[in-house]
Amino acid sequence: MKLLSLILVMLLTSCVTTSPEIKSEAKIIDTSCSWVKVISISVTDDITDATARQILAHNRMVIKNCPK
């Protein structure tokens, strides 16, 4: 009985096949700058010096980090 069980196990495991490995390549799409734009102001806008410095700092960072 043990021999029969052993033969049966051997026959069943001999039919096992492994499927080929599926390779998928990840494609990275950089969208980090898609929502960032340079801030522009009009001549008629009334802004403080502090606001102007903040806008200038923002615009410099956009130009530095998101070149087109």
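The values are calculated or read from the model by the stated rules, or taken from the named source; none is laboratory data. Computed from a predicted model, the values in this text were never measured in an experiment. Don't worry about glycine lacking a Cβ; one is built from the backbone with ideal geometry, like all the others, and counts go over all protein chains shown. With ligands, DNA and RNA removed, areas are computed over all heavy atoms of the protein, side chains included. Shrake-Rupley method; radii C 1.70, N 1.55, O 1.52, S 1.80 Å.
Here ILE39 clears all of (1) assigned to a helix (DSSP H, G or I); (2) modelled with pLDDT of 90 or more; (3) among the hydrophobic types (A, V, I, L, M, F, W, C) except the condition numbered (1). Cβ separations smaller than 9 Å between residues 6+ apart or across chains give the following pairs from the range 27-53 residues that are closer than 20 Å to ILE63 by Cα to residues that are basic (Lys, Arg) and open to solvent by 80 Å² or more (accessible area, probe 1.4 Å): CYS33/LYS68.
Could you tell me whether LYS23 is under 33 Å from the mean Cα position of the chain (by Cα), modelled with pLDDT of 80 or more and not β-branched (Val, Ile, Thr)? In short, no.
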